[in-house]
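Enquirer: Take this structure first; my questions come after.
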Amino acid sequence: MTLNILHRPPAVGDTERPVPRWATRLAYALPLLLLPSCLWRLPFALHFDMGQLQEAGMPGYWVSVPYVLGLSVLSEVIAILTIGLVRGWGEVAPAWIPVIGGRRVRPMAAVAPAVLGGLILTLLFTAVPIGGGRNLTLYGIADSVEYTNTAWQTLATVCVTPIAAWGPITIALAIAYYRRRVLAVAA
């Protein structure tokens with residue numbers, strides 16, 4: 001007698017070996033996790049300060065609009081590419097890609113950029129509060145942004161904080177990919 005109360009094993013799907021359920025869910029959740037910060041950025045393109053008290057002026061529209069839109073789109077595209085670590089197109093390149101289409105992706109060709117990118121994202125988006133409205137960042141000590149009221153500050157915190165998980169999630173997915181593609185073969 002077997003009890004299947006807790007869960008069913010994940011289906012193999014289009015991958016060579018089954019993907020852990022947590023990895024699939026995390027990979028598909030990542031673009032949604034980053035969406036609030038991408039949407040938070042958009043009003044800045046049109047010089048709406050979102051309650052921030054800023055001393056420096058904003059750049060011209062010809063700079064701010066393409067920069068902010070490009071940054072938001074690029075963030076989402078990279079997050080969507082992370083899904084390749086749990087799907088078949090991360091193991092065999094899609095046929096429509098010139099030169100490499102239809103060929104197997106070497107595991108380290110996916111793992112190395114994912115881990116390196118995850119480390120860079122972790123360093124970029126990690127700030128350690130040191131008191132007095134200051135944070136220790138990769139760039140040194142930075143002053144915290146001040147807001148006109150706590151409602152704007154709360155909204156900013158809710159929208160921007162999840163982006164700090166982007167790097168560690170990418171690293172975790174890369175490790176799961178490596179374990180599934182390399183270590184499972186060796187066993």
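Enquirer: Listed residues Leu53, Leu81; which is open to solvent by 70 Å² or more (accessible area, probe 1.4 Å) and closer than 25 Å to Gly167 by Cα?
Expert: Among Leu53, Leu81, only Leu81 is open to solvent by 70 Å² or more (accessible area, probe 1.4 Å) and closer than 25 Å to Gly167 by Cα.
Enquirer: Considering each of Gly167, Gly101 in turn, give the residue that is of a type outside the set (Asp, Glu) and not in a helix (DSSP H, G or I).
Expert: None of the others qualify; the one that does is Gly101.
Enquirer: Does Phe44 satisfy being out of contact with any strand residue (DSSP E or B) (no Cβ under 8 Å at 6 or more places or on another chain), under 16 Å from Ala156 (Cβ atoms) and open to solvent by 80 Å² or more (accessible area, probe 1.4 Å)?
Expert: Criteria not met by Phe44.
Enquirer: What are the pairs, 6+ residues apart or on separate chains, where a residue within segment 27-42 that is closer than 17 Å to Gly84 by Cα has its Cβ under 8 Å from a residue that is open to solvent by 50 Å² or more (accessible area, probe 1.4 Å) and part of a helix (DSSP H, G or I)?
Expert: Note: pairs meeting the criteria are Pro31/Ile80.
Enquirer: Taking Arg179 as meeting all but one of (1) open to solvent by 80 Å² or more (accessible area, probe 1.4 Å); (2) touching a strand residue (DSSP E or B) at 6+ places or on another chain (Cβ under 9 Å); (3) not hydrophobic (A, V, I, L, M, F, W, C), write down the number of the exception.
Expert: (2)
The values are calculated or read from the model by the stated rules, or taken from the named source; none is laboratory data. Since the structure is predicted, the reported quantities are computational estimates derived from the model, not experimental observations. Ideal geometry is used to build each Cβ from the backbone, glycine not excepted, and the neighbour counts take in all protein chains shown. Just the protein is used for accessible areas: all its heavy atoms, side chains included, with ligands, DNA and RNA removed. Shrake-Rupley method; radii C 1.70, N 1.55, O 1.52, S 1.80 Å.
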